[in-house]
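Student: Structure incoming, see below.
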C-alpha cells in the first residue's frame with residue numbers, strides 16, 4: 001500500500017465502493033450471471049448464449065472501418081454497445097463504465113495494490129499512453145484490410161470471462177488457449193496489470209473501447225456539455241497526491257501546475273476523493289468551469 005502513503009485511509013472506502021461496482025459489472029455482463037446480457041438477448045429475441053462476448057467490445061469497433069458490416073450491427077443491436085451506447089454516455093458523464101463497472105480493468109487495478117511498488121513499472125509522467133491507445137485502435141481497424149484480426153487475441157474481456165468461468169467450474173475457455181492468447185493474458189494480467197503502477201496499463205495502451213469513450217468525453221468537454229473531473233487551481237497546492245493516485249496516469253504536474261488529460265481520464269474519481277485541498281471536483285463543463293481549469297495556479 002506504499003503507493004498511497006498519505007491518503008490510503010481516505011481512499012479505502014472509495015475503493016471498496018468501486019470494487020462493489022466492478023462486481024456488479026460481473027453480474028451484469030459475465031456468465032454464468034450476465035443479467036443485463038440475458039435481458040437484452042430476450043428483448044431482441046437473439047438465440048445466443050449469454051456471456052460477455054454477446055456485448056463485444058472489440059469487433060464492432062473494427063467494423064467501423066467496414067461500412068458493409070453496419071447492417072450486421074443494426075440487425076444485432078447488442079453490437080452497438082461499444083460504438084454507440086458507451087460513447088454516448090461518455091459524451092455527457094465521461095467513461096464511467098471504464099472507471100466503475102468494467103471488471104476487466106478493475107480486476108487488475110485493484111489487485112495491483114497488493115503488489116509492493118518496488119516491483120512495479122512506473123510509467124506515469126514518462127509515457128503519454130493516449131496516442132498509443134488511439135494508434136492501436138486505428139491499427140486494429142486497419143488490420144482487417146490486410147487479412148489480420150487482433151480483436152479476440154487482444155481482448156481482456158475474453159480473458160476475464162475465461163477466468164470467471166473457470167472459478168465456476170467451466171475450464172473450456174482456458175483449456176484451448178492458443179500460444180498468442182497466453183502471451184496476451186500474461187501481458188494484460190501481469191506485465192501491464194499487477195506489475196505496472198495503477199494496474200491499468202492494458203487499458204491505457206490497448207483498449208479501443210476506452211479510446212472511443214475518451215474521444216467522446218473530450219468532445220463533450222470541448223462542446224461544454226455534460227460533466228468532467230476538473231481542477232480549481234485557486235485551491236490546488238501542487239502536492240502531487242492526485243498524480244500518484246490516478247491509475248490511468250491522466251494527471252501530470254508541469255511548471256508547478258497540475259493538469260488533467262481528458263483523453264485518459266476514466267472518471268474513477270480517486271483524485272477527487274484523495275485531494276486534501278478539495279481542489280478537484282466532478283463538475284459541469286460550463287464556460288466558467290473551463291476557465292477555472294486553465295487559470296493560473298495559486299502560490300502558497
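The values are calculated or read from the model by the stated rules, or taken from the named source; none is laboratory data. Being a predicted model, the structure only gives us computed values, none of them experimental. No Cβ is skipped: glycine too gets one built from the backbone with ideal geometry, and neighbour counts run over all protein chains shown.
Student: Can you pull out every residue in region 87-104 that is out of contact with any helix residue (DSSP H, G or I) (no Cβ under 7 Å at 6 or more places or on another chain) and either outside any helix (DSSP H, G or I) or buried (at least 24 other Cβ atoms within 10 Å of the Cβ) (or both)?
Tutor: Scanning region 87-104 gives a single hit, 99.
Student: So for region 192-200 (the condition being buried (at least 23 other Cβ atoms within 10 Å of the Cβ) and part of a helix (DSSP H, G or I)), does at least one residue qualify?
Tutor: Yes - at least one qualifying residue is present in region 192-200.
Student: Right, something else. Do we have residue 107 as farther than 23 Å from residue 244 by Cβ and part of a helix (DSSP H, G or I) here?
Tutor: No; evaluated as a whole, the condition is false for this residue.
Student: Could I ask something else about it? Would you confirm whether or not region 165-172 contains a residue that is crowded, with 20+ Cβ neighbours inside 10 Å, in the same structural domain as residue 88 (by TED's automatic domain parsing), touching a residue at least 60 places away in the same chain (Cβ under 8 Å) and in contact with a helix residue (DSSP H, G or I) (Cβ under 7 Å, 6 or more places away or on another chain)?
Tutor: Taking every residue of region 165-172 in turn, none turns out to be crowded, with 20+ Cβ neighbours inside 10 Å, in the same structural domain as residue 88 (by TED's automatic domain parsing), touching a residue at least 60 places away in the same chain (Cβ under 8 Å) and in contact with a helix residue (DSSP H, G or I) (Cβ under 7 Å, 6 or more places away or on another chain).
Student: While we're on this one: Between 69, 59, which is surrounded by 14 or more Cβ atoms within 10 Å (Cβ to Cβ), under 18 Å from residue 142 (Cα atoms) and without any contact (Cβ under 8 Å) to a residue 12 or more places away in the chain?
Tutor: Step by step, each of 69, 59 is checked, and only 69 is surrounded by 14 or more Cβ atoms within 10 Å (Cβ to Cβ), under 18 Å from residue 142 (Cα atoms) and without any contact (Cβ under 8 Å) to a residue 12 or more places away in the chain.
Student: Report, by residue number, each residue of region 234-260 that is assigned to a loop (DSSP other than H, G, I, E, B), in contact with a strand residue (DSSP E or B) (Cβ under 7 Å, 6 or more places away or on another chain) and in contact (Cβ under 8 Å) with a residue 24 or more places away in the chain.
Tutor: Answer for region 234-260, where residues must be assigned to a loop (DSSP other than H, G, I, E, B), in contact with a strand residue (DSSP E or B) (Cβ under 7 Å, 6 or more places away or on another chain) and in contact (Cβ under 8 Å) with a residue 24 or more places away in the chain: 236, 238.
Student: Now a separate question. So which of 114, 49, 84 is under 28 Å from residue 20 (Cβ atoms), at pLDDT below 90 and surrounded by fewer than 16 Cβ atoms within 10 Å (Cβ to Cβ)?
Tutor: Testing whether each residue is under 28 Å from residue 20 (Cβ atoms), at pLDDT below 90 and surrounded by fewer than 16 Cβ atoms within 10 Å (Cβ to Cβ) leaves just 49.
Rundown of residues vs (1) under 22 Å from residue 85 (Cβ atoms); (2) assigned by TED's automatic domain parsing to the domain that holds residue 253; (3) outside any helix (DSSP H, G or I), yes/no style:
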| site | (1), (2), (3) |
| --- | --- |
| 138 | yes, no, no |
| 153 | no, no, yes |
| 161 | yes, no, no |
| 189 | no, no, no |
